[in-house]
Amino acid sequence: MSTTVKYVERDLKVVGTRPLRPDGVDKVTGRARYGADYNLPGQLVGLVLRSPHAHARIKSIDVTAAEKLPGVKAVVTRDDFPDMPVEYAAAGELTINFRDVTRNMMAREKVLYDGHPVAAVAATSESIARKALKLMKVEYEVLGHVIDVRDAMKADAPVLHEDQFTVGVEPKPTKPSNVAKRLVFGCGDIEAGFKKADLVIEREFNTKPVHQGYIEPQACLANYTEDGQVELWTASQGHFTLRAQCAKVLAIEVSKIRVIPTELGGGFGGKNNIYNEPLAIALSRKSNRPVKMVMTRGEVFRATGPTSGAQVKVKMGCTKDGRIVAGEAELNYQAGAFAGSSVPMASMCTFTRYDLENVRVVGHDITVNRPKVAAYRAPGAPIAVFAVETIIDEMAEKLGLDPIDMRLKNAAKEGTQTYYGPKLGAIGYIDTLKKAKEHPHLTAPLGPNQGRGIATGFWFNIGNETSTTLNVNEDGTVTLMIGTIDVAGGSRAAFAQMVAEELGIPYDKVRPVVGDTSALGFNFVTAGSRGTFATGMAAVICARQAIDKLRERAAAAWKVPVDGVIWENGFAKPASSNVGDFEPMSIAQIAKTAGRTGGTIAGHAEINAQGAGPGFGTHIVDVEVDRQTGAVKILRYTVIQDTGKAIHPAYVEGQFQGGAVQGIGWALNEEYIYNKDGRLENPGFLDYRVPVASDVPMIDTVIVEVPNPNHPYGVRGIGEVPIIPPMAAIANAIYDAVGIRMQEQPMSPPKILKALETAAKH
Amino acid sequence: MARIVLASNLNPFAGGTTELTLEVDDVYRLFQALAARFPALEPHLEHEVAVAIDGEIYQDVLFQPIGPDSEVILIQKIAGG
């Protein structure tokens, strides 16, 4: 069964305020402990030997010299891990296939990208470990490689997987292909739709893979003891799913692995899956010593998941009055070395801000010789939306319409039938557009070479499996144990606020703690913008259970039926004067004697939360283009988004701002650069340029609150939507500034200059 | 009988079928019935499919009730970063 706790409007005292986050002091003083901050006596240093080739068959691996080096305590290769059959599991972005997972963490038959792990060593020092890596001999048969998604689709492209035949094509292909899957979504009659159009625009857009750019590289510490028990400290977005994945690839029982989550220095979708964790456990098992593995930034870039790069072709038609009558798209998304890109979700997001009768979206999931992609905030959506929102801007311009009015004319609302299946429930898209229209940003003056752009975004949001426990301590304070990682967004504060609101006690009387995998039932990853929605719902259930027990204890003390006791502002009170004249009992009073009146008062929720409300946002950006250098400066940026309810508005604003800044980096600067041999040439933050504080203005935010009816406080997920519109909004602003339509990302100075030169020639 | 609609991305695994009626009272039985009728769809049901029952989307909820007059739309499962 699923769980949904319905929204009820009421006066709020704690929810909606801006208290300090429980993890704030530790973080600003440097005391917070991240993955690399944990150590154990006698620990070894683990390092990974990585492929120097983009694509090669492994003919042999000889590690005997490395194993003999003094100080080396263990070496592992493919032979130390069981091969896995095709078996799927959920892991943040869609599903993972364990046959691929085991080959991604340690190459087996072939290496499939520059940086693919081939062996790992544990030694008493880093220098010894590095020497050991140099002593390992790997014989490769180098194969042809393919980096670009367009090249990978060609008939003569090098094929990564000889056993990969395109799924979703009838009849089943007889030749293996880099196209792992073909999906088709749609509704209506696309041809008939285009026949009704007065204006048809068709464009192709190309984007590069970009990294999530989290500040903290992957880090873990594993301790495998002689009795087969494993402790693992690691920074991830989901310690329960990491435990499940490690158990599977190492053939260890789940109960024998305890994963202790550390503070997380950013994930954004990139820390849902295992990389070094099973290697560290295997090395610890072999050496009988704890093993610590910390990736370098170079390893993060070379071997952990970026999001897809893509080729996107979009054709749209509308009538003279701006009504969109047909939308067609082909999305060709890189999956990296193994199948499983975000193209299914991107396909469903492409047009889902608009109420369209005729839609057809074809998606292709394509393997290339790059690291396997991972989720990245609203996986895949920003790429497809870049194309669609740019075309809508062009349509509005050609028709002489205001770009917001054009969107309002076509906007999705409650009851809109989506082309991927269901009808939309209560949503706030139109509200965000109207707020944009009223915002002073929209009428602020612009100077020469300055322009303004608008774009919008949609994300589904999810709920899923969640376990939470609440204990009322003997002094009436409360400990809330949660199992979803606070991915630095401040969710612990939001959970404490909801519990404090329910119990009627001050915020600082609730201490939220992220429990390890032995403390709670299973929790799905913090992804899909589910944390505050699902764990918030679970925390409310826990609090309401505790309230029922508090009322029971008061009723027993007063010898009245429990229905005669209400809970109000942190006190048990008689429901009416008919119940009797009793002095209200505080939570502290009831908790003080709880041990002698029935035991600890607690609440538990082990739920599968459903009913996540979709999120919509509208962005406005002003840019200035330097015609001499091609540099684009962000002058002003405004994010307007429906949150359902902002439990902690400051942290909601932080999500809006963070997503927008990541989107700005994606739009303007970020790209992987591979050389002709398929080796990554910019695996570091000096050459892979993410925005820093001085690159962006203060991002203005407007919170719209259209409550999600399926959450007790009306919460919608908020973390995904803010990264969707920036690329398109900035492209539209660049056009407004200097009259060039950018269809390639990043919109970096060389590309802007080239586009300006091309425009000048015509 | 519940009205079952397969979103367009699932049609290829169901011989092009877009819609059918089935006598099922929960998602578990729905998946069983669909797997029996469309073997090519079976591998996709466990990990790739969510359902919208009378407009509400559900994921990983095998025992979610389906009413006799319900409309159930099978859609691509949703995740995120």
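In terms of its alpha-carbon gyration tensor, the range B:2-76 comes out rounded; the largest-to-smallest axis ratio a/c stays below the 1.5 threshold. Ranked from largest, the principal axis spans of the Cα set of the range A:622-762 equal 57, 36, 26 Å.
Can you divide the C-alpha Rg of the protein assembly as shown by 2.2 N^0.38 Å and report the result to two decimal places?
Against the compact-globule rule of thumb, the ratio is 0.96.
Rule-of-thumb check for the range A:129-254: C-alpha Rg over 2.2 N^0.38 Å? My calculation over the Cα atoms of the range A:129-254 gives 1.70.
Summarising the label geometry, the points placed 7 Å from Cα in the beta-carbon direction at A:SER694 and B:ARG3 lie 6.2 nm from one another. Accessible area ranking (1.4 Å probe, heavy atoms, ligands and nucleic acids excluded), largest first, for A:TYR507, A:TYR429, A:TYR88: A:TYR88, A:TYR507, A:TYR429.
Here A:HIS145 sits with roughly 60 square angstrom of accessible surface, probe radius 1.4 Å.
Please give the direction-averaged projected area of the C-alpha convex hull for the range A:44-186, in square nanometres with one decimal.
Taking the Cα atoms of the range A:44-186, their convex hull projects to 10.8 nm² on average.
Ordering A:GLN497, A:VAL540, A:ALA65 by Cα displacement along the dipole of the protein assembly as shown toward the positive end leaves A:ALA65 in first place; charges were set at the Cβ atoms of Lys, Arg (+1) and Asp, Glu (-1). From helices alone, chain A scores -8000 deg cm²/dmol at 222 nm; the rule is -39500 (n - 2.57) for each run of n ≥ 4 DSSP H residues, then divide by the residue total.
The residue among B:TYR58, B:VAL72, B:ALA35 whose Cα reaches farthest toward the positive pole of the charge dipole of the range B:2-76, with charges on the beta-carbon of Lys, Arg, Asp and Glu, is B:ALA35. About its Cα centre, the dipole of the protein assembly as shown is roughly 1580 debye, where the only charges are +1 on Lys and Arg Cβ and -1 on Asp and Glu Cβ.
The 1.4 Å probe gives accessible areas that order A:PHE495, A:PHE165, A:PHE194, largest first, as A:PHE165, A:PHE194, A:PHE495. When you restrict to C-alpha pairs under 8 Å that are six or more residues apart and normalise by the size of chain A, the relative contact order lands at 16 percent. Of the trypsin sites (Lys or Arg not before Pro) found in the range A:269-339, those that fall in a DSSP loop while having at most 13 other beta-carbon atoms within 10 Å are A:LYS320. Here the protein assembly as shown carries DSSP beta bridges of which approximately 75% are antiparallel, counting only pairs with both residues inside.
Restricting to the range B:2-76, compute how many DSSP beta bridges are antiparallel as a %, nearest 5. Bridges in the range B:2-76 are about 75 percent antiparallel.
Ligands, DNA and RNA aside, A:TRP567 has an accessible area near 40 Å² when probed at 1.4 Å. For the protein assembly as shown, the solvent-accessible area of protein heavy atoms averages 36 Å² per residue (probe radius 1.4 Å; ligands and nucleic acids excluded). With respect to the cross-link table entries A:LYS549/A:LYS645; A:LYS154/A:LYS208; A:LYS27/A:LYS271, which display a Cα-Cα separation exceeding 22 Å? A:LYS549/A:LYS645, as the Cα separations exceed 22 Å there.
Which shape class applies to the range A:522-623: rounded if a/c is under 1.5, otherwise prolate when a/b exceeds b/c and oblate if not, where a ≥ b ≥ c are the square roots of the Cα gyration tensor eigenvalues? Prolate is the answer for the range A:522-623, as a/c is 1.5 or above and a/b outweighs b/c. Could you tell me the total accessible area buried at the A-B interface, probe 1.4 Å, in square angstrom to the nearest hundred? Counting both chains, the buried surface is close to 2500 Å². Cross-link pairs exceeding 19 Å between alpha carbons, from the set A:LYS73/A:LYS372; A:LYS413/B:LYS77; A:LYS256/B:LYS77; A:LYS181/A:LYS313; A:LYS196/A:LYS437: A:LYS73/A:LYS372; A:LYS413/B:LYS77; A:LYS256/B:LYS77; A:LYS196/A:LYS437. Between the alpha-carbon centers of the range A:717-734 and the range B:17-35, tell me the distance in whole angstrom. Here the two parts' Cα centres lie 39 Å apart. Once each part is reduced to its C-alpha centroid, what is the distance from the range A:445-509 to the range A:560-616 in angstrom? Cα centres, the range A:445-509 to the range A:560-616: 23 Å. Normalised by residue count, the range A:376-519 yields a Cα convex hull volume of 203 Å³ per residue.
The values are calculated or read from the model by the stated rules, or taken from the named source; none is laboratory data. Note that the structure is a prediction, hence the values are computed from the model and not measured. Every residue, glycine among them, receives a Cβ derived from its backbone with ideal geometry; neighbour counts consider all protein chains shown. Ligands, DNA and RNA are stripped out before the accessible areas are found, and what is left, the full protein with its side chains, is counted by its heavy atoms. Shrake-Rupley method; radii C 1.70, N 1.55, O 1.52, S 1.80 Å.
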